[in-house]
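Here's the structure, in structure tokens; my notes come after.
The values are calculated or read from the model by the stated rules, or taken from the named source; none is laboratory data. Worth saying up front: this structure is predicted, and the values here are computed from it rather than measured. Reconstructed Cβ throughout: ideal geometry from the backbone, glycine too, with neighbour counts over all protein chains shown. The area values use the complete protein model at the heavy-atom level, side chains included, leaving out ligands, DNA and RNA. Shrake-Rupley method; radii C 1.70, N 1.55, O 1.52, S 1.80 Å.
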Amino acid sequence: IELLNNEFLVSMEEAIRLQGKGLLVTGGETSYGPCGYYKTLLEDMLPVNMDAKPKEEKPNLALMLIIDKSGSMSAGEYGITQMEMAKEAAIRSIDILEAKDFIGVIGFDSEAKWVVDPVNVTDKDNIITQIASLQPGGGTSIQPSLREGIEALKKLDAGLKHIILLTDGQAESTGYLPLLE
């Protein structure tokens, strides 16, 4: 592609600025900056940056869902239990994940049990089926499941790491600070 020479660009800029002429420029991913128009008068005239920056890649995510399945989760209103609401929230969070992301699901009552071991999100239907199988019953102890979820996240190679705790909150009221740190 032949570059527009600077004399032509100066004349064009003056015609636009002083005579009210218009300018329409089209191009694609290999135009503008890669063609040599970076830091030229043409770049100054256009509302685009011609710097050939690499596309920003979205980091992968490691998501740990920790779901209360204690007996108190069988309570609810309008025929919908807290357990059903927690499962629905967990399933909806799976919908937005991509194959490069990781998911782990721990169900807890008085003990923490893996529902879905940390895996890449390649088989959403299977993950959803496993979450849907959770049934309420037993006591409540959040901290062991949080500890286990934190340790699992440390081992995963992901740009972003999150834990979502789905609970009715009827559990220990102290001892969380060391886990959060």
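Filtering Ala90, Ala152 for residues that are within 18 Å of Ser74 (Cα to Cα), surrounded by 13 or more Cβ atoms within 10 Å (Cβ to Cβ) and of a type in the set (Gly, Ala, Ser) leaves a single hit, Ala90.
The listed residues are Thr129, Thr140, and the only one of them that is under 21 Å from Lys87 (Cα atoms), of a type outside the set (A, V, I, L, M) and outside any helix (DSSP H, G or I) turns out to be Thr140.
Against the conditions (1) among the polar types (S, T, N, Q); (2) at pLDDT below 85; (3) under 30 Å from Glu172 (Cα atoms), where does Ser31 fall short? Just the number, please. In the conditions (1) among the polar types (S, T, N, Q); (2) at pLDDT below 85; (3) under 30 Å from Glu172 (Cα atoms), Ser31 misses (3) alone.
Among residues belonging to the range 93-120 that are within 21 Å of Gly159 (Cβ to Cβ) and small (Gly, Ala, Ser), point out the one that is most open to solvent (accessible area, probe 1.4 Å). Residue satisfying both the conditions and the ranking: Ala99. Look at the range 37-63: where a residue is on the phi < 0 side of the Ramachandran plot and a partner is at pLDDT below 75 and loosely packed, with under 11 Cβ neighbours inside 10 Å, sitting 6+ places away or on another chain with Cβ atoms under 7 Å, you get Tyr38/Asp51. Please determine whether any residue of the range 164-171 is surrounded by fewer than 16 Cβ atoms within 10 Å (Cβ to Cβ), under 25 Å from the mean Cα position of the chain (by Cα) and not in a helix (DSSP H, G or I). So far as the range 164-171 goes, yes, one or more of its residues are surrounded by fewer than 16 Cβ atoms within 10 Å (Cβ to Cβ), under 25 Å from the mean Cα position of the chain (by Cα) and not in a helix (DSSP H, G or I).
Out of Ala152, Ala171, Ala158, Ala112, one residue alone is in contact (Cβ under 8 Å) with a residue 12 or more places away in the chain and under 14 Å from Leu97 (Cα atoms). It is Ala158. Residues of the range 1-10 that are modelled with pLDDT of 85 or more and open to solvent by 70 Å² or more (accessible area, probe 1.4 Å): Glu7, Phe8.
If you go through the range 37-54 and keep only what is at pLDDT 70 or above, surrounded by 11 or more Cβ atoms within 10 Å (Cβ to Cβ), part of a loop (DSSP other than H, G, I, E, B) and not basic (Lys, Arg), you end up with Tyr37, Tyr38, Thr40, Leu46, Val48, Asn49, Met50.
Annotation: of all residues in the range 135-179 being touching a helix residue (DSSP H, G or I) at 6+ places or on another chain (Cβ under 7 Å) and charged (D, E, K, R), the one that is farthest from Ser93 (Cα to Cα) is Glu172. For the range 121-131, the count of residues that are under 12 Å from Leu65 (Cα atoms) and surrounded by fewer than 14 Cβ atoms within 10 Å (Cβ to Cβ) is zero. Within the range 71-119, the set of residues being part of a helix (DSSP H, G or I) and of a type in the set (Val, Ile, Thr) comprises Ile91, Ile94.
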